[in-house]
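See structure below.
Derivation of every value follows stated rules applied to the coordinates shown; laboratory data play no part. What you see is a predicted model; the values in this text were computed from it and never measured. Note: ideal-geometry Cβ built from the backbone for every residue, glycine included; neighbour counts use all protein chains shown.
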Amino acid sequence: MKKVHIVLLMSVMTCLLFWTSCKKEEQAVAPPEPGNEFLTTVELVATNANDPADVQTGKWVKLNPDDTSAPDISQAFLNLKKNAVYHVAVSFLDETQTPAEDVTEEIRERQNYHLVCFDIAPGLDLTVHRTDHDTNTPALEVGLEADFTTGDAGSGDLEVTLHHQPNVKNGDCAPGSIDADVNFTININ
Amino acid sequence: MKQLLKIPFTVLAALVSVSAQAQHFIGVTGGLSIPSGNFTKTDYADSKSGFASGGGNIGVTGTYFLTKHFGINGLVSYQGYGFKGAQDLADGYKEDFEIDSATVLIKGRNYGINVLVGPYYALPVARNFFIDARVLVGITSAHLAGNEVYIEDQSDGTFAQQAASAAAFGLQAGLAARYNLSRHFGIMLHGDYFSSKPNFTVSNTNRANEAGRVLTGYNQPISGINLNLSLVYLF
């Protein structure tokens with residue numbers, strides 16, 4: 001009887017030892033969810049640094065991002081004066097909702113892994129310098145605010161892209177994925 | 001009246017007779033470890049959350065009696081805990097990094113190794129049956145599990161919270177019911193409160209950007225209840 005007790009007890013101890021020693025890894029996946037918001041509209045508002053009354057607005061719109069129709073580029077241009085500096089604010093909207101949702105603030109809240117890039121067509125005498133910074137260490141540019149410096153008269157395309165760079169943002173445009181990719185025509189007169 | 005006076009003397013005589021049977025002992029112990037408090041929270045947004053669940057413990061314990069009732073007890077034990085809330089971590093990182101999906105892989109486990117010693121009191125309540133009490137203090141070497149987070153949008157973005165270790169003052173106190181099965185063997189059923197507060201320094205790798213839950217330290221009590229069964233050798 002005593003031996004039975006002892007064997008039983010030792011068996012319980014052995015089971016406990018195995019129980020406490022095993023199951024060293026656990027994995028969990030947060031899967032994709034449908035219904036993410038759209039970025040239907042990109043807006044540039046350019047204010048002349050030397051003439052606050054000189055405000056130019058350009059707007060690129062594609063209300064249904066899933067179809068193959070062309071975007072509305074009727075307002076996707078900026079008329080800028082030559083040899084001038086413009087303070088530019090970049091906005092992203094979701095106009096599939098009523099009222100339209102301004103996604104810009106959300107991007108600003110998540111600025112530590114977002115970057116707006118500006119790709120200037122060859123021949124267009126324009127320099128773009130981002131003026132806002134995130135809270136990374138060291139701080140990196142964001143691009144929701146920028147200075148456009150114009151040179152000689154001319155026209156050309158400015159490609160504006162919003163890059164989503166979760167834990168890979170390093171100041172370059174290359175890492176991550178692209179949330180928005182639009183073109184504006186810049187006219188320098 | 002004479003009969004009434006006899007009662008305390010009879011009880012005292014009985015206690016003395018059974019206490020004379022008190023013997024030193026050493027044995028193996030094991031059972032459930034049930035943590036509580038912040039250590040068991042699974043709130044992604046709360047840096048106090050420890051994501052620990054119940055586990056088990058196993059060890060060696062022994063008592064050397066200095067008198068019929070008082071002795072010195074020692075305990076060397078391994079105390080492991082499970083992990084819970086990995087899904088909460090994955091959901092949190094997915095939301096914080098605004099990504100399509102996130103995978104969290106827990107690396108290692110939460111555990112502690114205890115080396116404790118302290119006073120022990122044995123109260124004989126019947127022949128071969130004792131109620132014991134102990135208060136143990138000493139060192140707890142604690143280990144905190146780490147994790148890896150895979151960002152599905154960008155494989156280069158994978159980052160990790162490394163497992164961490166720290167030593168701390170450990171306390172364990174409780175009661176036990178002990179029954180001597182024979183002259184040399186006994187079994188015990190313990191209920192003990194345990195507590196320690198290790199100050200972990202946590203390192204993180206490949207955290208390129210300041211976003212999402214980042215733990216650089218963890219200094220919360222690791223406390224709860226141990227429910228144990230012991231087999232002891234009496235000598």
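Some observations on this one:
- Selection among B:A126, B:I106, B:Y218 by position relative to the dipole of the stretch B:2-234 gives B:A126 as farthest towards the positive end (Cβ unit charges, Cα centre).
- Extension gain for B:Q162 to B:R183 (0.36 nm times residue separation, less C-alpha to C-alpha distance): 2.6 nm.
- Sequentially through the stretch A:147-161, phi angles give Karplus couplings (6.51, -1.76, 1.60; θ = phi - 60°) of 9, 9, 10, 9, x, 6, 4, x, 9, x, 8, 10, 8, 10, 10 Hz, Gly and Pro residues having no value and appearing as x.
- Placing R0 at 30 angstrom, the Cβ-Cβ distance between B:V76 and B:V214 gives a FRET efficiency of 0.25 after rounding to 0.05.
- Positive-pole candidate from A:A84, A:H164, A:V128, dipole of the stretch A:33-188, charges at beta carbon: A:A84
- Residue-wise HN-Hα coupling along the stretch B:120-128, computed from phi with Karplus coefficients 6.51, -1.76, 1.60 (Hz; x: Gly, Pro): 9, 10, 10, 10, x, 10, 6, 4, 6
- For the pair A:Q27 and B:N199, label points projected 7 Å from Cα toward Cβ lie 3.8 nm apart.
- Each helix, a run of at least 4 DSSP H residues, gives -39500 (n - 2.57); summed and divided by the residues of chain B, these come to -4000 deg cm²/dmol at 222 nm.
- FRET efficiency for the pair A:H87 and A:A139, taken as 1/(1 + (r/R0)^6) with r the Cβ-Cβ distance and R0 = 22 Å, rounds to 0.70.
- Length added when fully stretched, A:D181-A:N50, from 0.36 nm per residue minus Cα-Cα: 44.2 nm
- For chain B: rounded, prolate or oblate by the Cα gyration tensor [a/c cutoff 1.5]: prolate
- ³J(HN,Hα), Karplus 6.51/-1.76/1.60, whole Hz, each residue of the stretch A:177-185, x for Gly, Pro: 10, 9, 8, 8, 8, 9, 10, 10, 9
- Peptide B:208-219 shows a mean partner chain C-beta count of 4 within 10 Å per residue C-beta.
- Lysine pair count for the stretch B:2-234 with Cα-Cα distance under 22 Å and sequence separation of 8 or more or different chains is 13.
- Take each peptide in B:113-124, A:129-140, B:139-150, count the other Cβ atoms within 10 Å of every residue, and average; sorted highest first, the result is B:139-150, B:113-124, A:129-140.
- Part-to-part distance (alpha-carbon centres) for the stretch B:94-119 and the stretch A:91-152, which is given in Å: 37 Å
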